[in-house]
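> Below is a structure I'd like to ask you about.
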Amino acid sequence: MSSRQEEKEKRKQERLAREAAAAAAAKRKRMLQLIGGAVVACAILAGSVFALAGGGDDEPDIDNAALRVAATKAGCVYRSFPNYGQDHEDKNFTAADYKTNPATSGAHLPSGKEAQAGLYIAGNEPVVGAWVHTLEHGRILFQYRPGSKPNVPADLEKLFNEDVKGSGGAYHSVLMRNNTDMPFAVAAVAWRHYMGCKTYTPAVIDAFRKFRTALVDKAPELVP
């Protein structure tokens, strides 16, 4: 082969090598972009699933892990939820209007029709649209299922009357018979959170006490 031909072949091989290197670099870049997109998509999906499963960790002053432990010890469940809305509507709300039972957020009756803190005699409990509004004001609701044995509301009443934050008792709390056919024997409810127990035992009281301490006055429209 002549020197001219050798030089031509050398330049050809160098060009082919450059093209191959450029193609490989482009392929690596595309792969990195695909991997990065997949990671972002997985992170978004994981965040969505986490939010649906128990609400995002957007309340750093609430120790959700401790409340889950307290609930488990009492044979109960503790759940946190997203904010499902807080619009005011003057209508006849029912349990079907809410995404959780007992309800933890959602549209509710307007100002002036919210349930007031206090102890409600069975049969005279506030309607769901009224007590959801009082959750928005930072209140804690203790609820028991219709047909409960007398000791259940009696024990909850003792808890209701305990001193909280030096209040002397009954601080920003509601005690009432549930009127949404909740799947629990008893429940403690706050804005975006509940602790529900299929069976009532004395251990429930300590768990509910921790629930109130952690969540009272934690709501979008705190009313003193």
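We did not get these values from a lab; they are worked out from the coordinates using the rules stated. Computed from a predicted structure; not experimentally measured. Neighbour counts run over all protein chains shown; Cβ positions are idealised from the backbone, glycine included.
> Could you go through region 77-87 in sequence order and give the Karplus-derived ³J(HN,Hα) for each residue, using 6.51 cos²θ - 1.76 cosθ + 1.60 with θ = phi - 60°, rounded to whole Hz, and x for Gly and Pro?
10, 10, 10, 10, 9, x, 7, 8, x, 8, 5
> Neighbouring Cβ atoms within 10 Å as the yardstick, rank Ser111, Ser173 fewest first.
Ascending number of Cβ neighbours within 10 Å: Ser111, Ser173.
> Taking a 29 Å limit on the Cα-Cα distance, which of the listed pairs Lys99/Lys165; Lys149/Lys210; Lys73/Lys158; Lys91/Lys158 fall beyond it?
Those over the limit are Lys99/Lys165; Lys91/Lys158.
> What number comes out for the charge environment of Lys91, summing +1 per Lys or Arg and -1 per Asp or Glu over other residues with Cβ under 15 Å away?
Numbers: positive: Lys113; negative: Asp87, Glu89, Asp90, Asp97, Glu114.
Taking every Cβ under 15 Å from that of Lys91, the sum is -4.
> Any idea what the relative contact order of region 64-215 is, in percent, if you count C-alpha pairs under 8 Å spaced at least 6 apart?
Taking the mean separation of contacting Cα pairs over the length of region 64-215, I get 30 percent.
> Label region 70-133 by shape, choosing from rounded, prolate and oblate, from the square roots a ≥ b ≥ c of the eigenvalues of the Cα gyration tensor; if a/c is under 1.5 it is rounded, and otherwise prolate applies when a/b is larger than b/c, oblate when it is not.
It comes out oblate by the Cα gyration axes.
> Hey, another quick one. Collect residues whose amide H, placed 1.01 Å from N in the peptide plane, falls under 5 Å from the amide H of Val174; neighbours closer than 5 in sequence don't count.
Residues meeting the criterion, in which the H sits 1.01 Å from N, are Gly118, Ile140, Leu141, Phe142.
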